[in-house]
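Below: one structure, written as structure tokens.
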Amino acid sequence: MNFDFNARRSPVYGTKGMVASSQPIATAVGLEILRNGGNAASAAISVAAALNVTEPTSTGIGGDVFVLYYEQKTKNVFALNGSGRVPLSLSLQLLENEGFQELPPYHPYTITVPGACDAWFTLNEKFGNLPMSNILSPAIDLATNGFPVSPITSYFWQAAANRQLKTAINGNQMLISGKAPVPGQIFRNIGLAKTLSLIAGQGKEAFYQGEIASAIVDVIKTAGGCLSLVDLEKHHSDWVKPISVDYQNTRIWECPPNGQGLAALIGLNILNHLELEFTTKNQHLRYHYQIEAMRLAFSDAWAFISDPDFSSIPMDWLLSADYAVERTKLIQPSVAMKEVKHGTPPSTSDTVYFCIVDQEGNACSFINSNYMGFGTGIVPSGYGFSLQNRGHNFSLSKGHPNQLQPGKRPYHTIIPAMATHPQNNTLIGPFGVMGGFMQPQGHLQVAYNLFYDCLDPQTSLDRPRFCIMPESKSNEIALEEGIDFQTMAALAEMGHTIKPVSGMNRAIFGRGQIILRDEYGVLIAGSDSRADGCAMTLIKT
């Protein structure tokens with residue numbers, strides 16, 4: 001593995017176990033669980049709960065979860081879909097009758113059933129080795145006694161305070177005297193401690209059938225929404241078959257739709273069939289080919305990704321080598337595509353990401369999100385968490401695969417990833433990049449850095465990124481500070497619409513974590529410098 005000293009910090013090395021997350025306190029919680037005999041599954045749930053406390057700007061029990069879990073003894077990768085569904089009483093007809101042409105981002109109609117709590121329990125039931133009371137204890141303690149807020153978290157907390165929290169029902173319960181906590185200020189969340197204590201003692205039923213469920217339904221009704229107790233009671237997570245492609249002698253795994261991991265795999269599959277040998281000496285070509293591959297991948301993702309229980313997705317065709325070759329022919333080495341259209345199958349056919357590898361070699365790639373920071377910002381009074389707004393991703397166009405329908409899961413942005421050896425499926429490691437529609441782009445860029453350029457995890461994360469702006473009508477490509485002017489100018493000359501981005505606006509490029517295991521069994525981790533977090537290693541078992 002090449003080592004590049006351009007990284008902003010060094011990768012972390014270890015042999016006993018590793019945790020990488022966007023909050024140092026949450027990373028320390030994961031290590032504590034590993035040190036006390038917990039495995040990667042139980043430690044992951046503990047980290048997720050701790051992040052709910054320390055980074056509610058991105059995640060929480062009011063949101064959704066996706067997981068990839070590598071089981072060492074079987075060398076299999078398992079995928080868990082912990083995303084929630086649309087209320088059964090919400091339909092396109094209802095929205096049309098009420099005059100909606102699109103849903104405002106923080107409207108109570110965007111609230112889908114929170115899937116996180118069920119996903120935590122479902123993961124622990126299948127793979128965990130500790131009781132939930134032990135797993136949730138560190139987060140309960142943090143919420144009760146308080147924690148010092150990290151700088152980047154404070155920045156986005158303030159943004160949410162000025163956005164959805166100032167108008168959302170009970171949004172002020174996530175603030176201190178109407179303001180976001182400043183860096184280093186102690187924040188206590190007694191309501192969240194109560195929520196976590198209830199589910200630790202009574203199980204997930206406390207969330208989906210008990211007093212928490214009643215509080216969720218009451219606040220949504222007050223806000224003008226329609227999610228009911230029946231919607232909560234009927235919710236369940238699903239173990240699903242993961243999808244994968246081989247890239248640079250590595251098998252890259254993603255969760256299947258309704259998540260957008262498919263977009264990352266389509267993009268990597270296209271890169272497999274491009275002539276890239278000149279890209280190491282020509283920075284603009286490296287970005288150009290990745291951008292074009294991702295533009296094609298997004299065009300297919302937006303056309304086909306939906307809830308597979310409601311529509312047929314031509315997965316085998318989209319991930320086939322023949323289709324990748326067909327799409328590759330559209331990419332020119334010297335000019336950007338003017339128009340990108342999705343393929344046609346043959347007729348026969350803000351978020352937290354973290355990862356853990358335990359002492360036994362099990363690995364967990366875990367992502368938990370509210371969407372848009374605090375989601376809707378609506379808080380069930382006295383319970384310390386906000387409700388997500390994932391329903392904003394639905395299409396209100398009749399006939400679209402991702403159209404809003406009762407009981408349906410939306411196109412979901414959050415995606416974890418896992419890498420294994422294609423010959424024997426031994427673990428290479430979990431990785432991921434959080435951040436809305438940046439996520440598949442981040443996966444593609446990080447995988448390219450890791451497995452094509454053979455960079456270490458930290459350098460792979462530190463490398464400046466591009467971001468295709470999905471809502472831009474001019475097909476803008478955001479380029480992060482650190483990409484030199486000559487490269488930007490060359491991309492603009494090729495026809496790309498360039499938007500340089502610096503400072504705190506770099507948040508659009510996502511925040512990732514990586515843990516890899518080398519051929520000697522040494523764990524190597526990186527944690528994104530765009531966030532507050534870190535990677536840490538276990539030294540004793």
### Message
I'd like the GluC sites (Glu not before Pro) in the range 384-485 restricted to DSSP loop residues with at most 13 other Cβ atoms within 10 Å, sorted by number.
### Response
E471, E481
### Task
Taking H placed 1.01 Å from N in the peptide plane, check which residues at least 5 places from T112 or on another chain put their amide H under 5 Å from its amide H.
R390, G391
## Note on the structure
In order over the range 13-25: 3J(HN,Hα) from phi, Karplus 6.51/-1.76/1.60, θ = phi - 60°, whole Hz, x for each Gly or Pro, gives 10, x, 10, 8, x, 8, 10, 10, 8, 8, 9, x, 5
### Message
Could you tell me the center-to-center distance, by alpha carbons, between the range 303-325 and the range 172-223 in angstrom?
### Response
39 Å
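For a test of the definition: using alpha carbon positions, the gyration tensor, and the 1.5 limit on a/c, classify the range 359-456 as rounded, prolate or oblate. Could the numbers behind the result be given before it?
Details: a/c = 2.37, a/b = 1.69, b/c = 1.40.
Note, shape of the range 359-456 comes out prolate.
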### Task
Compute the Rg/Rh shape ratio of the range 387-512: radius of gyration over Kirkwood radius, all on alpha-carbon atoms.
1.03
### Message
Give me the three principal axis extents of the chain from the C-alpha atoms, as integers in angstrom, largest value leading.
### Response
61, 60, 44
### Task
Apply the Karplus parameterisation 6.51 cos²θ - 1.76 cosθ + 1.60, with θ equal to phi minus 60°, to every residue of the range 400-414 and state each ³J(HN,Hα) to the nearest whole Hz, in sequence, with x for glycine and proline.
5, x, 9, 5, 5, 9, x, x, 9, 8, x, 3, 10, 7, 7
### Query
In terms of modelled amide H atoms, which long-range or inter-chain residues lie less than 5 Å from the amide H of C534?
S21, Q23
### Task
Return the sequence-ordered ³J(HN,Hα) values of the range 447-460 in whole Hz as given by the Karplus equation 6.51 cos²θ - 1.76 cosθ + 1.60 applied to θ = phi - 60°, using x for Gly and Pro.
4, 4, 4, 6, 10, 9, 8, 6, 8, 6, x, 5, 5, 4
### Message
Under a Cβ-only charge scheme (Lys and Arg +1, Asp and Glu -1), can you give me the dipole magnitude of the chain about the Cα centre, in debye to the nearest 20?
### Response
600 debye
### Exposure proxy order (Cβ contacts within 10 Å, fewest to most) of D322, D64, D231
D322, D231, D64
### Task
Could you pull out the pairs from K408/K499; K73/K540; K16/K75; K234/K398; K338/K408; K166/K341 whose alpha carbons sit more than 30 Å apart here?
K408/K499; K338/K408; K166/K341
#### Entry: Over the range 26-147: Kirkwood hydrodynamic radius from C-alpha pairwise inverse distances, Å
16.2 Å
### Message
Taking the number of other C-beta atoms within 10 Å as the exposure measure, put D307, D528, D246 in order starting with the fewest.
### Response
D246, D307, D528
### Amide H within-cut-off set for Q403, under 5 Å, with H built and near neighbours excluded
S395
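Every read-out reported here was derived from the displayed coordinates using simple, explicitly stated rules and does not represent laboratory data. The shown structure was predicted, so the numbers you read here are calculated from the model rather than taken from an experiment. Positions of Cβ are backbone-derived with ideal geometry, glycine not excepted, and every protein chain shown enters the neighbour counts.
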